[in-house]
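Encoded as structure tokens, the structure appears first; notes follow it.
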């Protein structure tokens, strides 16, 4: 009987010890589980936001702040854009940082870094270089900042505003076909195309598309086409290149010239005058600048005969609208084009009545 009682007591004690042991294991397991579930959160907290965040992830409650990188403050097209951009932002109460770092890549980089450090969530780039714009687009993607580009057309990671080079080229091409037929008696001995390789294939459409239309209409032949490829935007350098070119083509009589930008018209005119081309050269260009407007309004004689206008002074308002939509999380087309028209003495008062 005693033996049985001892056995029962031992059995009960063993059960209690086992339950206590199991209870301890469960508590330990609970702690381990909680620790395991918290563990994966650590890497997310230490990972750099710029590696994972897209601009659209940062839009909620964002306040628009724009940083503008412009190539120069010396050319009218850039002056008009810069003034228009700052005016549009001031009217809208939007903070806008603006600088002209030129073509110095180290200065462009340091300016960009400064803008991002100061909280700019939209970078606007009018640097007129496809390679530079692409590098900035990559930086903006890395840093979770929107990139809006004027002039060049880098990639789908950017938003483009400005001239549709192909469509503008077609507008000018149609105009030139009529101009050669009716103002040059169908005679064109030489077609000069002034362009810059640094802009890339898209900007080259400004000169290549109208050239092809003139070829298709048999108003010129391939051997009548010549190129001046600018690598330096300094006006004295442009004037010298134009002078050198005309010196070697002094026998040409009916000359048509397309320049990809009106910023160089003064240098072109100076060189053509010095070489006796006043009555031989018919110059067409892009941008619709004040100098051309004033020439057309005054009726003065000039080699400048027409210019593609795209309302550069209004660009700031278009860019600001895109920027505001982006930070608000709204859908925006990757390419937004400005209106274009060929301006000449006959329609200048209609386009610019003031």
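Every read-out reported here was derived from the displayed coordinates using simple, explicitly stated rules and does not represent laboratory data. Please read these numbers as outputs of a predicted model, since none were measured by experiment. Glycine gets a Cβ as well: all are built from the backbone with ideal geometry, and neighbour counts include every protein chain shown.
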Item checked: Shape category assigned to segment 191-286 from the gyration tensor of Cα positions, a/c cut at 1.5 -> oblate
Check: If R0 is 41 Å, what FRET efficiency do you get for residue 73 and residue 212 from their C-beta distance, rounded to 0.05?
Finding: 0.70
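For segment 134-262, build the convex hull from the C-alpha positions and give me its volume per residue in Å³.
Working: hull volume 14.8 nm³, N = 129.
Residue-normalised Cα hull volume stands at 115 Å³.
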Next item on the list: Take the Cα of residue 178, step 7 Å along the line toward its Cβ, and report every residue of segment 277-300 whose backbone nitrogen sits under 15 Å from that point.
Entry: none
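Residue 347 to residue 155: FRET efficiency via 1/(1 + (r/R0)^6), r the Cβ-Cβ distance, R0 45 Å, to the nearest 0.05?
Values: r = 36 Å, r/R0 = 0.81.
Calculated value: 0.80.
How much length is gained on full extension from residue 335 to residue 87, taking 0.36 nm per residue of separation minus their Cα-Cα distance? Provide the component values of the computation, followed by the final result.
On the way: separation 248, 0.36 × 248 = 89.28 nm, distance 2.29 nm.
Answer, rounded to one decimal: 87.0 nm.
For residue 236 and residue 187 in one chain, what is 0.36 nm times their gap in residues minus the Cα-Cα distance, to one decimal in nm? It would help to have the intermediate numbers written out before the result.
On the way: separation 49, 0.36 × 49 = 17.64 nm, distance 3.10 nm.
14.5 nm is the gain from fully extending residue 236 to residue 187.
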Margin query: At 7 Å along Cα-to-Cβ for each site, give me the label-to-label distance between residue 95 and residue 266 in nm.
Written below: 3.6
Check: Give or take rounding to whole Å, what are the principal axis extents of the alpha carbon atoms in segment 131-185, in descending order?
Finding: 57, 16, 12
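Can you check how the C-alpha radius of gyration of segment 238-354 compares to 2.2 N^0.38 Å, as a plain ratio? Write out the running numbers ahead of the final one.
On the way: Rg = 18.0 Å, N = 117, 2.2 N^0.38 = 13.4 Å.
Normalised by 2.2 N^0.38 Å, the Cα Rg of segment 238-354 equals 1.34.
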Checklist line | Spin-label model distance (nm) - residue 297 vs residue 118, 7 Å beyond Cα toward Cβ | finding: 3.5
Note to self: I need the calculated FRET efficiency for the pair residue 253 and residue 229, taking r as the beta carbon distance and R₀ as 25 Å, to the nearest 0.05.
What the structure shows: 0.55
